[in-house]
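Presented below is the structure to which this report refers.
The values are calculated or read from the model by the stated rules, or taken from the named source; none is laboratory data. Keep in mind that this is a model prediction, so the values were computed, not measured. Here the Cβ positions follow ideal geometry from the backbone for every residue, glycine too, while neighbour counts run over all protein chains shown. Just the protein is used for accessible areas: all its heavy atoms, side chains included, with ligands, DNA and RNA removed. Shrake-Rupley method; radii C 1.70, N 1.55, O 1.52, S 1.80 Å.
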Amino acid sequence: MAAAIELDIAEQVLDSGLTLLAVRNPGVATYACVVSLDVRPGDEPADESGLANLTGECLDEGCGRSDALEFAAAVESIGGAVEGNQRGGSIYCPAQYQKQATELLREMLLEPSFPGREVRRVQGEILTEIVADEDDPRAVASRRFREVVYGDHPLGRQPQGSKKSLQRLRPKDLRRFHGDWFRPAGGYVAAAGPDEPARMLDRLRKAFRAFDGKAPKHPKMPTVSLPKASRDLHVPMAREQVHVFLGHVGIRRTDPDYYVLSVMDHVLGTGPGFTSRCARKLRDEQGLCYAVSAGITPSAGEEPGVFTAYIGTSPEHRQKAIDGFLAEIERIRREPPTAQEIADVQAYLTGSFVFGLERNGNLAAYAIRARRFKLGFDFLHRYPQMVRAVTAEQVQQAAEKHLHPDRLACVSAGAS
């Protein structure tokens with residue numbers, strides 16, 4: 001399946017340190033452009049939690065000579081959709097409007113005005129989400145779980161911030177954060193569409209050649225360590241169910257065991273298209289839940305992710321569910337998966353990998369990911385071979401190395 005996709009990708013690195021990428025997707029009538037800059041979790045001060053997220057959410061609330069409504073109308077006039085985030089943003093539109101779309105994205109990212117009225121409105125929307133999450137036991141457990149796992153690391157903070165930190169932020173804070181960290185060095189702009197890559201690169205170069213600024217000095221990120229012993233924490237809430245998160249610090253995307261652990265995840269607890277061990281044991285055989293999952297690779301990024309096992313169950317089954325997770329973790333650390341389990345996972349991973357790449361937005365994101373993590377643009381063709389080469393013994397050895405059932409954080413919220 002992967003061999004059927006032949007990607008024509010071109011690349012250019014500007015003097016500013018900005019990398020331009022163009023991916024040709026013949027036969028489509030749409031265009032996507034994605035920008036991902038070198039903005040890191042530690043760039044946001046701890047006492048301004050939520051600043052990076054608010055900055056990204058407000059990028060399209062007025063920019064250049066346009067206010068929020070005028071900018072939205074300009075995007076709508078080309079049949080487009082645009083969004084900003086704390087590292088950049090993206091735009092999608094019919095292919096005939098790609099020049100206008102690229103210019104609108106450039107304007108949003110490089111010339112945001114952060115008008116006070118719109119910033120206050122977006123703040124209010126985020127505050128409403130924070131308040132709603134405080135009454136959601138799954139969200140409460142997830143937040144506390146990350147705090148316990150990450151400690152003082154910036155990834156232990158909620159991206160939206162707290163009510164207190166968010167309410168203190170002003171438009172001048174957003175302008176400062178944008179000026180300090182939205183720099184070209186180490187960033188990527190990727191376009192995908194039906195045009196020749198050279199033509200798309202030329203368009204990107206013209207749009208972003210004036211984007212300059214010195215590379216910022218990022219704060220040093222703290223090290224996240226495993227705890228010396230497991231920890232169990234419950235947050236009582238007036239609910240019928242209890243939501244349980246169990247795990248510990250995980251791996252970076254560049255970890256050499258990543259692909260072996262991806263196979264392990266699908267055997268253990270991340271198995272769409274077939275039944276993983278945790279789902280079979282805890283859901284099908286014991287009837288403890290409807291939703292259950294476990295995995296270490298989904299959150300792996302530039303910083304260490306988290307091995308996370310999750311289940312929603314009734315309060316009287318909380319310990320039984322935890323014991324079930326621990327038993328399956330111990331089992332995969334001790335015994336290699338069966339030949340059939342490995343074959344099922346390999347067939348699923350190699351058969352489903354390229355489906356999402358039919359969309360231009362995913363193609364542009366893929367090109368950025370391939371460069372950021374040094375995967376190589378031929379990764380699509382190497383991936384099936386890498387997955388098929390994984391053995392049951394490698395899975396067991398990687399599980400033994402990376403899963404630590406005696407040093408887990410267990411956090412739950414809901415009924416006691």
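Worth a mention:
- Tally, over the stretch 22-62, of residues that are touching a Leu at 6+ places or on another chain (Cβ under 8 Å), among the hydrophobic types (A, V, I, L, M, F, W, C) and not in a loop (DSSP other than H, G, I, E, B): 7
- Residue match in the stretch 210-217 (condition: outside any helix (DSSP H, G or I) and farther than 26 Å from Lys374 by Cβ): yes
- Every test in (1) without any contact (Cβ under 8 Å) to a residue 12 or more places away in the chain; (2) over 20 Å from the mean Cα position of the chain (by Cα); (3) open to solvent by less than 20 Å² (accessible area, probe 1.4 Å) is passed by Leu169 save one, and that test is (1).
- Every residue from the stretch 306-343 that is among the acidic types (Asp, Glu) and either free of Cβ contacts under 8 Å to residues at least 24 places away in the same chain or open to solvent by less than 70 Å² (accessible area, probe 1.4 Å) (or both): Glu316, Asp323, Glu328, Glu341
- Cβ-Cβ under 7 Å pairs, at least 6 apart or on other chains, the stretch 174-196 side within 18 Å of Ala52 (Cα to Cα) and in a helix (DSSP H, G or I), far side open to solvent by less than 30 Å² (accessible area, probe 1.4 Å) and among the basic types (Lys, Arg): none
- All conditions in (1) surrounded by fewer than 16 Cβ atoms within 10 Å (Cβ to Cβ); (2) in contact with a Gly (Cβ under 9 Å, 6 or more places away or on another chain); (3) of a type outside the set (S, T, N, Q); (4) more than 22 Å from Ser352 (Cα to Cα) hold for His243, with the sole exception of (1).
- For Ala72, the criteria (1) open to solvent by 30 Å² or more (accessible area, probe 1.4 Å); (2) among the aliphatic types (A, V, I, L, M); (3) in a strand (DSSP E or B) hold in every case but one, which is (3).
- Criterion violated by Gly361 - all others in (1) closer than 26 Å to Gln397 by Cβ; (2) assigned to a helix (DSSP H, G or I) satisfied: (1)
- Residues that are in a loop (DSSP other than H, G, I, E, B) and more than 23 Å from Arg40 (Cα to Cα), drawn from the stretch 124-170: Asp135, Asp136
- Of all residues in the stretch 193-239, those satisfying the criterion of being touching a strand residue (DSSP E or B) at 6+ places or on another chain (Cβ under 8 Å) and under 17 Å from Asp152 (Cβ atoms) are Val224, Ser225, Leu226, Pro227, Arg231.
- Residues in the stretch 109-120 that are part of a helix (DSSP H, G or I) and in contact (Cβ under 8 Å) with a residue 12 or more places away in the chain: Leu109, Leu110, Gly116, Glu118, Val119.
- Within the stretch 278-305, tally of residues that are farther than 24 Å from Arg369 by Cα and either open to solvent by 50 Å² or more (accessible area, probe 1.4 Å) or touching a Gly at 6+ places or on another chain (Cβ under 6 Å) (or both): 13
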